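Chemist: Take a look at the following structure, please.
The values are calculated or read from the model by the stated rules, or taken from the named source; none is laboratory data. This structure is a prediction, so every number in the text was calculated from the model and none was measured. Cβ atoms come from the backbone with ideal geometry, glycine included; neighbour counts cover every protein chain shown.
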Amino acid sequence: MDIVVIAQLVTGLATLVVASILIWQMTIQKKTLDVAHKDADNDFSVQVISERNAMRRWFLDKLNSEFEKKLNSGLKDLSQLEFQTLAIYFRGMATLTTTEWRLERVGGNPEYYKFAFNALFTHKAILDYYKEIGRFFFTHGNFGKPGLGKIADLVYEDLSGEKIGA
């Protein structure tokens, strides 16, 4: 065999070894990234639960029997302070929900978001607030990922018995 042929064989073999090592490294890197993504998703899930609970605790601290009666009778019965308290709570929950939707938490599963809206729309005043003010946030505030407003509308319609939107 001539030296050029041997050099070509050695070069080809070396190229094959290097390519195999690179493929092996890419496989390891993919597994590492998958674990990191899962860890980040788990951390985000815990943060979401914590934040929702903090907002609920804040709202419950503001609640008394008179305020709750007014929440059950509708938005029109709230004082200015009660209205502002409800608005702050609603916007906080809405911001969290739209962020989850945009980041496709739980794979963007609509059932998760229906559950979240059912948990938010607990009183007539909150349903009224959604219809009169908050709906716009869900229908126009999902920058880059529409569709959450439709889910919210479905839950609103189920709970209120009233059609909404076009």
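Chemist: What number of residues within region 113-133 satisfy the criterion of being surrounded by fewer than 16 Cβ atoms within 10 Å (Cβ to Cβ) and under 22 Å from residue 47 (Cβ atoms)?
Modeler: Within region 113-133, the first condition is being surrounded by fewer than 16 Cβ atoms within 10 Å (Cβ to Cβ), and the residues that meet it are 114-115, 118-119, 122, 132-133.
Checking the rest, the ones that are also under 22 Å from residue 47 (Cβ atoms) come to 114-115, 118-119.
Counting residues in region 113-133 that are surrounded by fewer than 16 Cβ atoms within 10 Å (Cβ to Cβ) and under 22 Å from residue 47 (Cβ atoms) gives 4.
Chemist: Quick one: in region 64-109, of everything that is among the hydroxyl-bearing types (Ser, Thr, Tyr) and under 13 Å from the mean Cα position of the chain (by Cα), which residue is nearest to residue 38 (Cα to Cα)? Reasoning before the result, please.
Modeler: As a first pass, look at region 64-109 and keep what is among the hydroxyl-bearing types (Ser, Thr, Tyr): 65, 73, 79, 85, 89, 95, 97-99.
Next cut, under 13 Å from the mean Cα position of the chain (by Cα) only: 95, 97-99.
Details: 95: 23, 97: 20, 98: 21, 99: 18 Å.
Looking at the filtered set, the residue picked out is 99.
Chemist: Cβ-Cβ below 7 Å, separation at least six or inter-chain, first residue in region 154-165 and within 12 Å of residue 122 (Cβ to Cβ), second at pLDDT 95 or above and in a loop (DSSP other than H, G, I, E, B): which pairs?
Modeler: Listed pairs, sorted by first residue: 155/121; 159/121.
Chemist: Within region 73-146, considering only helices (runs of 4 or more DSSP H) that don't extend past its boundaries, which have at least 2 residues that are of a type in the set (Lys, Arg)?
Modeler: Values: elements: 80-102, 110-120, 124-129, 135-140.
Qualifying helices (runs of 4 or more DSSP H): 80-102.
Chemist: Note down all Cβ pairs under 6 Å where the first residue falls in region 35-56 and is more than 22 Å from residue 123 (Cβ to Cβ), the second is in a helix (DSSP H, G or I) and of a type in the set (Ser, Thr, Tyr), and they're at least six residues apart or on different chains.
Modeler: As it stands, the answer is none, since no pair meets every condition given.
Chemist: Within region 34-48, identify whether any single residue is over 25 Å from residue 113 (Cα atoms), surrounded by 10 or more Cβ atoms within 10 Å (Cβ to Cβ) and of a type in the set (S, T, N, Q), and answer yes or no.
Modeler: no
Chemist: If you don't mind, another one. Quick test of your reading of the structure: residue 136 fulfils all but one of (1) buried (at least 17 other Cβ atoms within 10 Å of the Cβ); (2) modelled with pLDDT of 85 or more. Name the failing condition by number.
Modeler: Failed condition: (1).
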